[in-house]
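The values are calculated or read from the model by the stated rules, or taken from the named source; none is laboratory data. These numbers were taken from a predicted model, which means no experiment stands behind them. Heads up, the Cβs are rebuilt from the backbone with ideal geometry, glycines too, and the neighbour counts pull from every protein chain shown. Ligands, DNA and RNA are excluded from the accessible area calculation, which covers all protein heavy atoms including side chains. Shrake-Rupley method; radii C 1.70, N 1.55, O 1.52, S 1.80 Å.
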Amino acid sequence: MKKRYASTWESLKEHQVPKWYEDGKFGIFIHWGLYSVPAFAPQTWELGEVPPDETWFSNNPYAEWYYNSINVGYGPSYDYHVQKYGKDFKYEQFADMWKAEKWNPAEWARLFKKAGAEYVVLTTKHHDGFCLFPSEYTDYNAWRRGPQRDIVGDLTDAVREEKLRMGLYYSGIVDWTFADDPILNNEDLFHTASPTFAYADYAYNQSMELIDRYAPSVFWNDIGWPRQGEQNLPYLLSHYYNTVEDGVVNDRFNDLFHDFTTKEYQSGSANRREKWEMCRGMGLSFGYNAMESDDKIISIEDAISLLVSTVANNGNLLLNIGPRADGTIPEEQEKRLLAIGEWLRVNGEAIYGSRCSSRESIKYTDQIQVHFTEREGALYVLIDAKGRSQVAVTVPGLRGNAIPLDPEVDAEITAVDGGLCFTVKNFGSSQNIAVFRLN
Ligand SMILES: C[C@@H]1N[C@H](CN)[C@@H](O)[C@H](O)[C@@H]1O
């Protein structure tokens, strides 16, 4: 019998994180929109590396923040805009330059499948207010302008064709088509955040549109929810769960409710006792930044290391791609997705469907860490030896027979006082992260 949720916080708190989300572990985030046309941001810091103050916001590395970065009227993006497009060029003009002329949603979905992802989360409306779906509440959308397609619907169909889960991102509290005072600190961010009841109703109505039309498996709200619309949330969320029984929501609803908590780069905190998700771009930006070349984005080894450390601590990794305006995925991003998929094809037994072990990760040095996961009664030992071709680590409290999941891994495991010593002489194709099943 399908559970019905009442529009009360008490009823919503009965919602459990669905098994697919606990098991899935790895998702692909996609930031695509008008900002993909200029595709520019200075390469400065990771979120959380510096305070969210004027220095951050006037040198914002997030290319999807291009509107605000030029709206502040100074800084690298403003200078770039004036030089490339001219002082009088309005951001809204990008709506007729974005054509997505090479976009093939089925190709994207096949790549995400090969990458080993279990779910996808696409921006439906980012802070700039441009919608990637035919909203009844604004003509500022990809059906009427630019691509003249239902981007959300077309990608949802393609993703589900590959038997992956489709999630939708919505910028709940920030929409620069309603309020666009320049943002130079977090106070501005939450003040500027569309301070009207009219906007609160708009956000509620568009969220209902997204739920009723696409039934997303993830409703990924960003930054917060309009204060004036907080009283709408219990109904909105109960409607979501009554529509999408195994749906999940994140923790960006003004700390009022969540299924899982979120980290973003170095910002946010993770508690291994509850489900959380780590999101980041491959470089410093979520939207495509044409300045971010192959040597400026996360290495394959570090991406897999992040996946392993996140999963071992009860998290999911939502790794972002920033497609070009024409609908192609930059080769350096595709290369990383395929390499992660390759690693998961060999070592995924320790990842998918696993659960956090009672054994906490062990950090021997900055380069050498050992993580643990458990699945179906087996313990998995994941040895991450960043940048090393060989390694020998003693893991306390282990005994028994350890088998490498990758037959190309050349390792010796010997019983020593109170533990097992793993001597890995060759990591094979496993990117310096060797996984062993302990029976
Ligand atoms: C996933 C990221 N979330 C931040 C807000 N923390 C956004 O400002 C950013 O553009 C991106 O969408």
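Taking only protein heavy atoms into account and a 1.4 Å probe, give the accessible area per residue of the chain in Å². Before the final figure, lay out the partial values.
Values: 17250 Å² over 439 residues.
Using a 1.4 Å probe on heavy atoms only, each residue of the chain averages 39 Å².
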When the helix-only estimate is applied to the chain (DSSP H runs of n ≥ 4, each -39,500 (n - 2.57), divided by the residue count), what is the mean residue ellipticity at 222 nm, nearest 500 deg cm²/dmol?
-8000 deg cm²/dmol
At 0.36 nm per residue, and after removing the present C-alpha to C-alpha distance, how many nm does the segment from Thr55 to Asp255 gain when stretched out fully?
69.3 nm
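To the nearest 20 debye, what charge dipole does the chain have about its Cα centre, counting +1 at the Cβ of each Lys and Arg and -1 at the Cβ of each Asp and Glu?
Rounded to the nearest 20 debye, it is 1060 debye.
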Sequence order, region 247-263: Karplus ³J(HN,Hα) from phi using 6.51 cos²θ - 1.76 cosθ + 1.60, θ = phi - 60°, Hz rounded, Gly and Pro as x, gives x, 9, 10, 8, 9, 10, 10, 6, 6, 8, 6, 6, 8, 9, 8, 10, 10
Approximate spin-label separation Gln148-Arg4, in nm, with each point projected 7 Å along Cα-to-Cβ:
4.5 nm
Which three lengths, in whole Å and largest first, does region 61-139 cover when its Cα atoms are put on their principal axes?
42, 31, 22
Using only Cα atoms, what Kirkwood radius does the chain have, in angstroms?
22.7 Å
Sorted by chain and number, the residues with a modelled amide H under 5 Å from that of Phe29, at a separation of 5 or more or across chains, are Val121, Leu319, Asn320, Ile321
Return the long-range amide H neighbours of Cys131 (sequence gap of 5 or more, or a different chain), with a cut-off of under 5 Å between placed amide H atoms.
Asn141, Ala142
Set of region 387-423 residues, backbone N closer than 11 Å to the point 7 Å along the Cα-Cβ line of Arg437
403-406
Could you give the radius of gyration (one decimal) and Dmax (whole number) of the Cα atoms in region 140-182, in Å?
14.0, 42
With label points set 7 Å from each Cα along the Cα-to-Cβ direction at Glu14 and Asp88, the distance between them in nm comes to 6.2 nm
Whose amide H sits under 5 Å from the amide H of Leu420, counting only residues 5 or more places off or on another chain, with H placed in the peptide plane?
Val395, Gly397, Leu398
Calculated FRET efficiency for the pair Ser269/Lys425, C-beta based, R₀ 41 Å, to 0.05:
0.60
Per-residue counts of other Cβ atoms within 10 Å, averaged by peptide: what ranking do you get for 217-225, 330-338, highest first?
217-225, 330-338
Add +1 for every Lys or Arg and -1 for every Asp or Glu among the other residues with Cβ under 15 Å from the Cβ of Glu54, and state the total.
-4
Residue-count net charge about Thr123 - beta-carbon cut-off 11 Å; Lys, Arg +1, Asp, Glu -1:
-2
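Can you tell me how much longer the chain between Asp410 and Asp366 gets when fully stretched, taken as 0.36 nm per residue apart minus their C-alpha distance, in nm with one decimal? Intermediate values should be presented prior to the final figure.
Values: separation 44, 0.36 × 44 = 15.84 nm, distance 2.29 nm.
Here the segment from Asp410 to Asp366 would lengthen by 13.5 nm.
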Highest average packing first - 82-93, 142-153, 50-61, Cβ atoms within 10 Å
142-153, 50-61, 82-93
Enumerate the calculated ³J(HN,Hα) couplings along region 354-362 in order (Karplus 6.51 cos²θ - 1.76 cosθ + 1.60, θ = phi - 60°), each rounded to whole Hz, writing x wherever the residue is Gly or Pro.
7, 10, 4, 7, 5, 7, 7, 4, 10
Whole-Å semi-axes of the ellipsoid equivalent to region 285-439 (Cα gyration tensor, √5λ, descending):
31, 16, 13
Over 19 Å between Cα atoms, which of Lys19/Lys275; Lys296/Lys363; Lys19/Lys163; Lys25/Lys263; Lys99/Lys125 qualify?
Lys296/Lys363
With +1 on the Cβ of every Lys and Arg and -1 on the Cβ of every Asp and Glu, the dipole magnitude of region 246-377 about its Cα centre, in debye rounded to the nearest 20, is 340 debye
Give a quick list of trypsin sites (Lys or Arg not before Pro) in region 267-308 that DSSP marks as loop, anything other than H, G, I, E or B, with at most 13 other Cβ atoms within 10 Å.
Arg273
Tally Lys/Arg at +1 and Asp/Glu at -1 over every other residue whose Cβ is under 10 Å from the Cβ of Trp343; what's the total?
-2
Karplus-derived 3J(HN,Hα), 6.51/-1.76/1.60, for each residue of region 166-172, Hz, glycine and proline x
10, x, 10, 9, 9, 7, x
Hey, which aspartates and glutamates would be in cross-link range of Lys3, C-alpha to C-alpha under 16 Å, not counting anything within fewer than 8 residues on its own chain?
Glu14, Glu245, Asp246
What percent do you get for the relative contact order of the chain when only Cα pairs under 8 Å and 6+ apart count?
18 percent
